[in-house]
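Engineer: Below is a structure I'd like to ask you about.
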Amino acid sequence: MSLAVAFGDRLHAVAHRILRDTHLAEDATQHALLAIWRDLPQLREPARFEAWAYRVVVRACYAEGRKSRAWAPNLRLLETDEPMASDATHSVHDRDQLERGFRRLSVDHRAVVVLHHYLDLPLSQVAQVLDVPEGTVRSRLHYAMRGLRAALEADARPTAQGVAQ
């Protein structure tokens, strides 16, 4: 029980960053914790628990991601009439752009970005967690960053509707 409490929050944070949805992340975390509890006796190297647990939660995220593809809400923040401080507005706008760009990435790409940039794992350890070659991790990270850049650039371009006004 203390293991779930101690490590559950970190697993949930990883799941939330990969899935970008609180309810899906809760489901993935719950499935991961159950799998960890069930399979813990088979863990041969206790020193590798953390990497193994991250692998379990990433796989649970993949499963939840496949389930949610059938219906995914597309919510947008509406502007309010209330004036906001310009610094806060830019910060919210930047976070919103990053969020939209991140949501456009596949779950595979999000997993690599979260494990490498959020958990600060070296690429070799990300490869171990995902159980893929390190070259695959490098490729996924490259394409994820390229996809994020493209999404941010596309959002920054003026639309035909915005130009006509």
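Engineer: Which of (1) under 21 Å from residue 152 (Cβ atoms); (2) at pLDDT below 70 does residue 82 not meet, given it meets every other one?
Structural biologist: The single condition residue 82 does not satisfy is (1).
Engineer: Sticking with this one: If you go through region 112-132 one residue at a time, do you hit one that is farther than 30 Å from residue 45 by Cβ, crowded, with 19+ Cβ neighbours inside 10 Å and either under 17 Å from the mean Cα position of the chain (by Cα) or at pLDDT 95 or above (or both)? Outline the logic, then answer.
Structural biologist: So in region 112-132, the residues farther than 30 Å from residue 45 by Cβ come out as none.
Checked region 112-132: no residue is farther than 30 Å from residue 45 by Cβ, crowded, with 19+ Cβ neighbours inside 10 Å and either under 17 Å from the mean Cα position of the chain (by Cα) or at pLDDT 95 or above (or both).
Engineer: Could you check, for region 10-30, whether at least one of its residues is in contact (Cβ under 8 Å) with a residue 60 or more places away in the chain, out of contact with any Pro (no Cβ under 8 Å at 6 or more places or on another chain), part of a helix (DSSP H, G or I) and among the charged types (D, E, K, R)?
Structural biologist: Within region 10-30 (the criterion being in contact (Cβ under 8 Å) with a residue 60 or more places away in the chain, out of contact with any Pro (no Cβ under 8 Å at 6 or more places or on another chain), part of a helix (DSSP H, G or I) and among the charged types (D, E, K, R)), the answer is yes, since at least one residue qualifies.
Engineer: Would you check which residues across region 125-138 are within 16 Å of residue 53 (Cα to Cα) and part of a helix (DSSP H, G or I) and list them?
Structural biologist: Residues satisfying the conditions are 125, 126, 127, 128, 129, 130.
The values are calculated or read from the model by the stated rules, or taken from the named source; none is laboratory data. If you're wondering where the values come from, they're calculated on a predicted model, not measured in any experiment. Virtual Cβ from ideal backbone geometry, glycine too; neighbours counted across all protein chains shown.
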